[in-house]
Amino acid sequence: MRCFFIPEKCERTGKEVNKLLQQNKPRTFFFRFSLTYEEAREAFLLIIDRRSPAARRIMSLTLLALAVLCVCLYGLHPYGLQYAMMSLLFAAASYLVSAYPSLRADRAARNVAQCAGVYELTLSEEGYLLLPGGEKLALNGDSRSRAYETDRLFAIRPDRLHTVCLPKHSIPASEHPQVRRILKTNTRAYHDRRGIPYKRH
């Protein structure tokens, strides 16, 4: 004779199952926003040049000092044309280090500002951005994926083809920690630039 022990509650109700599924379902955050020129420029500048403004200034001044040194050497050796050429090269490199990222960011930001569009996207805890057309964009799309946070925006570079700017005015303050956690978890590098004033370089 077989004996079966039947618990008082052997099954969960449909409501309980749905509640559990909802609890385990990854959260998503929907954003609808527009971008100003300054917001777009700040995001592009962060993504284009990973160095801090201080590091960029130091490198630029170092190259400029080398250019001045070569000019002095040329003054001492008028026939040493290589010093003149080297001074020109160092001066050009100094200019590019300081100005090139800003020029690229300006151009990209102008293109965004001219569109004057309203953007919609969804950020998932599973580590992807869902674009309006249904395309999923993985946050760790390549080995250089990274994200930056400043006082007024999140700048995301999931891969070499995409740059995403999320202005904080479009995100409820209560959701900032969740967005920060998703970016920290799913991008290769996360840079916290809060408290660092944004300057036009």
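The values are calculated or read from the model by the stated rules, or taken from the named source; none is laboratory data. If you're wondering where the values come from, they're calculated on a predicted model, not measured in any experiment. Using ideal geometry, Cβ is built from the backbone for each residue, glycine included, and neighbour counts are taken over all protein chains shown. The protein model used for the area step is the full one, side chains on, heavy atoms only, and it has no ligands, DNA or RNA in it. Shrake-Rupley method; radii C 1.70, N 1.55, O 1.52, S 1.80 Å.
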Legend entry - Rough spin-label spacing in nm, given labels placed 7 Å along Cα→Cβ, for Leu103 and Glu175: 3.9 nm
Legend entry - Rounded to the nearest 10 Å², the accessible area of Cys115 at probe 1.4 Å: 100 Å²
Legend entry - Ile196 accessible area, 1.4 Å probe, all protein chains in place, Å² to nearest 10: 90 Å²
Inset, instruction - Quick one: which residues, 5+ away or cross-chain, put their amide H under 5 Å from the amide H of Ser34? H built at 1.01 Å from N. - result: Tyr119
Inset, instruction - Would you check the accessible area of His169, probe 1.4 Å, heavy atoms only, in square angstrom rounded to 10? - result: 130 Å²
Inset, instruction - Restrict the search to region 76-169; then list the GluC sites (Glu not before Pro) that DSSP places in a loop and that have at most 11 other Cβ atoms within 10 Å of their Cβ. - result: Glu135
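Go ahead and run the numbers for FRET between Phe30 and Ile196, Cβ-Cβ distance against an R0 of 30 Å, rounding to 0.05. Walk me through the numbers before you get to the answer.
Numbers: r = 29 Å, r/R0 = 0.96.
After rounding, the FRET efficiency stands at 0.55.
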Legend entry - Cα-derived Rg over Rh, computed across region 76-123 with Rh taken as Kirkwood radius: 1.42
Inset, instruction - Using θ = phi - 60° and the Karplus relation 6.51 cos²θ - 1.76 cosθ + 1.60, list the HN-Hα couplings for region 138-150 in order, rounded to whole Hz, with x at every Gly or Pro. - result: 5, 5, 10, x, 8, 6, 10, 5, 7, 9, 10, 10, 10
